[in-house]
1. What pairs can you find where one residue is in the stretch 5-34 and modelled with pLDDT under 95, the other is β-branched (Val, Ile, Thr), and their Cβ atoms are less than 7 Å apart, with a gap of 6+ or different chains?
2. Report, by residue number, each residue of the stretch 73-100 that is under 22 Å from residue 61 (Cα atoms), of a type in the set (Val, Ile, Thr) and surrounded by 13 or more Cβ atoms within 10 Å (Cβ to Cβ).
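The values are calculated or read from the model by the stated rules, or taken from the named source; none is laboratory data. Only a predicted model underlies this, so the values are computations on that prediction, with no experimental measurement involved. Cβ sites come from the backbone with ideal geometry, for glycine too, and all protein chains shown count toward neighbours.
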Amino acid sequence: MKDQLECCHKTKERSQEEYTRLIHRLNRIEGQIRGIRGMVERSAYCPDILVQSAAVTAAINAFNKELLASHIRTCVARDIREGKDETIDELVATLQKLMK
């Protein structure tokens, strides 16, 4: 499967620190989602669930901001230095998707 990913998608080597930070954020988000599911299963009051859902949205946004900042500082900066202007178009498309 690794060969399939390498031939079809770009990849990025992350430092252990970045990897740990991102995985930690995702684990917390996963826990929040499980908590919301439990609230639905226990028939919790709608506004209480909505508050927790808003917290998940904020956590996802924080994850996206961190990942985007890292991407711009590393991949985008490197590609621009190497004259790969198509990276700018890719970044613009990514930002447009994030802002929907």
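1. That search, which allows pairs on different chains as well, returns 5/11.
2. 74, 76, 94
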